[in-house]
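Data first, discussion second: the structure below is written as structure tokens.
The values are calculated or read from the model by the stated rules, or taken from the named source; none is laboratory data. Keep in mind that this is a model prediction, so the values were computed, not measured. All Cβ positions, glycine included, derive from the backbone under ideal geometry; neighbour counts span all protein chains shown.
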Amino acid sequence: MIQGSVRVLHFMLLLAACGSGAAAAAPAEVASALLVHPTSADLPRVIADAAASGAGPAVRVYRWDRFPDVLIVDSASFAVQDRLFTRLAYFLEKRGYRGRLLSNAALAGRHGWNAHDYGAAGLADFFTAARAASFPLNPEEIAVRELSVREGIIAAGRAGYVPGRGAVLGISRSSSRVERELLLTHEAFHGVFFSSAEYRSFCQDLWDSLSPELRSFYEGFLDSLGYDTGAPTLVVNEFQAYLMQQPLSYAEGYFQRFLEMRGDRGSTVEPWQLLQNAQSLDAFLKDHFGFGAGGPLLSTLGSRR
């Protein structure tokens, strides 16, 4: 990762509502592509496939070789990605909308995020709510549900859907290569969080150990990006991903810029405190998985966990 590109992800997510892309592919085409068995791949291959083949199909689905219960859906455009995941984004993550099922008319002109991550529990909650309300889903969303059931991420139960294990991540070929690398690195840490109960527990313990002022800082950071900070697991998951998305050598400067942008003159939070948190996460990941901050995409990794 080049140093100048470290700034990109923060501002990209701040401006997520401005995302745009080519017209959506036919729903049936997307749904059919989603239900093809995923290709096992490392993260560099996900990036390289798009670079090698240009626009390519409407959707490619990969199984992350390091965490086989994590699927990566690579969409040809933001328009395709929006029909797959924007309703999930609003239902599970968006401030002022979490827990609400929005119609296509209500979503018209809205863009969720430029990349997505949904674990087993969130997917089960969304599809259970839609079933209970007899809410009409897009064909693309139905295909996400069927893919998640087939891969054991969720399971159909008598009262709805129950979580299994794993996650679905999403990126788009509407993003530039540098943006895709940044976004996939960020989303990959969400994949680790969803896949590894041990890592989730470590992240939660670290969060619980923070001072109230430091937790307030992180919550303010996430609130500024549009996340609903009333969702505790979402907050912890984003806390770790934003700390881990760049190498440690860039983390302190990243948050220093954010502190300056926020203009928190009365705050006693210092960049070194944020770096300490990043170092704790980095050490755990290196010890358990062999990569650390900025690492799942940028490091050369084997295929075994």
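Filtering region 40-83 to residues that are part of a loop (DSSP other than H, G, I, E, B) and within 24 Å of P163 (Cβ to Cβ) leaves D65, R66, F67, P68, D69. When residues of region 156-173 are filtered for being part of a loop (DSSP other than H, G, I, E, B) and modelled with pLDDT under 95, how many remain? Looking only at that region, the number is 3.
Looking at Y218, Y227, just one residue is modelled with pLDDT under 95, closer than 20 Å to F255 by Cα and either in contact with a Gly (Cβ under 9 Å, 6 or more places away or on another chain) or surrounded by 19 or more Cβ atoms within 10 Å (Cβ to Cβ) (or both), and that residue is Y218.
Kindly evaluate V149 against the criterion of being surrounded by 23 or more Cβ atoms within 10 Å (Cβ to Cβ) and modelled with pLDDT of 95 or more. Spelling it out, it is not the case that V149 is surrounded by 23 or more Cβ atoms within 10 Å (Cβ to Cβ) and modelled with pLDDT of 95 or more. Within region 42-98, being aromatic (F, W, Y), out of contact with any strand residue (DSSP E or B) (no Cβ under 9 Å at 6 or more places or on another chain) and over 20 Å from S148 (Cβ atoms) holds for one residue alone: Y97. Test F239 against the stated conditions and say whether it is out of contact with any Phe, Trp or Tyr (no Cβ under 6 Å at 6 or more places or on another chain), surrounded by 19 or more Cβ atoms within 10 Å (Cβ to Cβ) and part of a helix (DSSP H, G or I). Criteria not met by F239.
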